Amino acid sequence: MQRVSPAQIAQMLAHGVALHRAGRAAQAHAAYSEILRLQPRHAEALLRLGCLYCENGELEKGAELLAKAAKMNPAAFEAHDSLGNAHDAMGQPAKAVFAYNRALALKPDAFETLVNRGVALQLLDRHAEAIESYDRAIRLRPDNPDPYLNRGSARMTLGQLEAAIADFEQAISLTPDEAPLHANLGLCRQRLGRLGEALTAYDRALALAPHDVATLIGRAQLHHSRGEPERAAADYASAVQIAPERDFLAGDLLYHRLLCADWHDLDRLLGGISTGIAQGQARAFAFPLLAVVDDPALHRSAAELVTQRLYPPSATRLRPPPPHRQDKLRVGYISADFRDHPVADLMVELFETHDRDRFDLTGIGIGLLKQDAMHQRVVAAFDRFHHVGAMGERAAIDLIRGLHLDIAIDLGGHTEYSQPGLFAGRIAPVQASYIGYLSTMGAPYMDHIIGDAVVLPEAEWPHYSEAPVILPQYQANPRHRDCASSTPSRAEHGLPEDGFVFCCFNNVFKLNPDVFDSWARILHRVPGAVLWLFVESDAAGSRLRAEAQSRGIDPARLVFAPRAARPDYVARYARADLFLDTWPYNAGATASDALWAGLPVLTRQGRSFVSRMASSLLEAVGLPELITTTGADYEDLAVALAGDPGRLARLRRHLLAARDTAALFDITEFTRSFEQALRAMVAHQAGGQAPAPIRIGR
């Protein structure tokens, strides 16, 4: 090998570095390579050539040389730091952190290294350590916005929202025109329920970056939270134009157009979603599809794609719970709806009726905390209550696992504010879905779905990833409801005193052109009748009146009922003659309210869980004759009942008596059946068996 002096090597290295800085990569490569030919263990040449490879995108070669350089000269800060950057660029955050730690041991005040280490730690879900790294960086350079932004992101993940807001606001004070800072600030404020302030931040972010899809989605979600579906739909439509293939966007647009009764592009939009799902594309959450497609196979495919994309099973195994009294089962109920909400309305008496000698109950609240009267009643019904909505998901999973539940019941599924990720983390040995989301979760970690033989017919079981639990009836139902002692007259409600009143107080989301076609044909056949609907949005009301007119119905024959306090809402059913159900998404809690109030419900049954809910309720209240299976039969029966006041009066008398006699309203008997199901699910799992169908009673 040619012998050269240290001075000559130093000169060759300086020349190579000059070429490198001048952007003459090929010549620099040759210079470094020549040094390494002469001295293969030359640490500085290894470092420079490694960096050159990384700059050219040859990360593996670069990392190999940088690792050698660090080994040759362990005291070389730049070698360890550059190796950390290479591992970070290759998506190897654990190796990056190791290298950054070595670099910081040599130079503790390396600002960029501290920031980069924090980013790598966040990728490893080591957010508390990341925050410590950003703290050090901020102490070094308090005028740099980057560590504030990153620390805010880490704090947001940990649920430290107020602290995250402070970081984002500090970063904005340093760089006011960075759109991501305003977007993150908006998200934090939104999660804290500070919706007006959140909107200001989102608006500023979009003024700076009008085509940022993530921010458009954030603002759309905010509009939804503010009860502004029209504005949400507009933002989703803009986002779809920019990124039509983005996961779930088309479904979000579909859902918000349904909330607005905006059906103008429904077939094309739904066709694209269905085709995409068939091709394995996550075009929509399953929930909006329930309202427009009676296809359990499609519902399962959509749900499985949601699970795969957003809530895959955790690799961390659940430790066995410690020994405890075998006759007292630890049950956890998880919901974002422990408040004035249909889920709480239906479930609260079940919680209160549980046998406390045999069951230990924990309520776990997620989502935003709303401490209304119903929330206080629900909390009082549990042995203990934890609200984990402001926690990071990892912290919430750890807390719930520490409760050592025997079984966890998800009352939310794929609905708003729910957290399937908790169940993906396996928070209990047995996990079951009930009442809040009435379809399959498409998740391997959900062991059971609870229903009855009507809503879960055996022929449809292949379309559920969960093993069915078949109760005598599916819906928990309170014996008593708050009902106003009097209600305004028909005239005060805007209804005719003598004409027939069809009503449907289902959410506008459940309406669709097929349903409206049937209702229009019924109104054509029953002169003088009106259709009384629950509509909150003026825009939705205008669209529905236009839809009526396009079908030859005087728009004045549609009467809209606003939202009312629950006692007034229940009482006003007395002013209607017949409840017309929707399909494929039937009335659930709304149908139970109508039946309890003495109003007959006419339904049309399909294949999916949600298209069979009202059928289950009618069976349980002893009126199966009000179940139809075709549009023609539904319309004919509606017209026949409108022309037979005697029959309607008999149905009303039957329902009023049923409050005290029907299985539908016997919460004590229902609770005993539900408790049998809980014990059966736990016993099955304790026997080491895979989840399997379970039948209770009947």
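The values are calculated or read from the model by the stated rules, or taken from the named source; none is laboratory data. Given the structure is predicted, the values throughout are model-derived calculations rather than measurements. Note that each Cβ is placed from the backbone with ideal geometry, even for glycine, and that neighbours are counted across all protein chains shown.
Tabulated results
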{"read-out": "Unique residue being modelled with pLDDT of 90 or more, under 25 Å from residue 17 (Cα atoms), part of a helix (DSSP H, G or I) and touching a helix residue (DSSP H, G or I) at 6+ places or on another chain (Cβ under 6 Å) when the list is 117, 48, 136, 102", "value": "102"}
{"read-out": "Some residue of segment 586-600 being surrounded by fewer than 22 Cβ atoms within 10 Å (Cβ to Cβ), among the charged types (D, E, K, R) and under 26 Å from residue 292 (Cβ atoms)", "value": "no"}
{"read-out": "In segment 257-295, the residues that are in contact (Cβ under 8 Å) with a residue 12 or more places away in the chain, charged (D, E, K, R) and not in a loop (DSSP other than H, G, I, E, B)", "value": "257"}
{"read-out": "Elements of type strands (runs of 3 or more DSSP E) in segment 353-457, at least 1 residues being touching a Ser or Thr at 6+ places or on another chain (Cβ under 9 Å) and surrounded by 20 or more Cβ atoms within 10 Å (Cβ to Cβ)", "value": "359-365, 407-410, 430-433, 448-452"}
{"read-out": "All positions within segment 71-122 that are among the aliphatic types (A, V, I, L, M) and under 13 Å from residue 137 (Cβ atoms)", "value": "104, 110, 114, 115, 119, 121"}
{"read-out": "Total residues in segment 495-518, condition modelled with pLDDT under 95 and small (Gly, Ala, Ser)", "value": "1"}
{"read-out": "Enumeration of residues in segment 517-538 that are under 18 Å from residue 256 (Cα atoms) and touching a residue at least 24 places away in the same chain (Cβ under 8 Å)", "value": "534, 535, 536, 537"}
{"read-out": "Test result for residue 697, at pLDDT below 95 and either surrounded by fewer than 19 Cβ atoms within 10 Å (Cβ to Cβ) or at positive phi (or both)", "value": "yes"}
{"read-out": "Flag if residue 563 is of a type in the set (Lys, Arg), part of a loop (DSSP other than H, G, I, E, B), surrounded by fewer than 20 Cβ atoms within 10 Å (Cβ to Cβ) and touching a residue at least 40 places away in the same chain (Cβ under 8 Å)", "value": "no"}
{"read-out": "Segments classed as helices (runs of 4 or more DSSP H), wholly inside segment 144-251, with at least 3 members that are within 20 Å of the chain's Cα centre (by Cα) and not assigned by TED's automatic domain parsing to the domain that holds residue 117", "value": "179-191, 213-225, 229-242"}
{"read-out": "Criterion violated by residue 598 - all others in (1) outside any helix (DSSP H, G or I); (2) within 15 Å of residue 473 (Cα to Cα); (3) more than 31 Å from the chain's Cα centre (by Cα) satisfied", "value": "(2)"}
{"read-out": "In segment 85-137, the residues that are of a type in the set (Phe, Trp, Tyr) and either over 36 Å from the mean Cα position of the chain (by Cα) or not assigned by TED's automatic domain parsing to the domain that holds residue 155 (or both)", "value": "100, 111"}
{"read-out": "From the options 633, 581, residue that is at pLDDT 95 or above and either touching a Pro at 6+ places or on another chain (Cβ under 7 Å) or surrounded by fewer than 22 Cβ atoms within 10 Å (Cβ to Cβ) (or both)", "value": "633"}
{"read-out": "Test: residue in segment 648-663 that is assigned to a helix (DSSP H, G or I) and closer than 30 Å to residue 446 by Cα", "value": "yes"}
{"read-out": "Only listed residue being under 26 Å from residue 340 (Cα atoms) and part of a helix (DSSP H, G or I), chosen from 611, 616", "value": "616"}
{"read-out": "Matching residues in segment 542-575 - criterion: being more than 26 Å from residue 513 (Cβ to Cβ) and charged (D, E, K, R)", "value": "566, 568, 572, 575"}
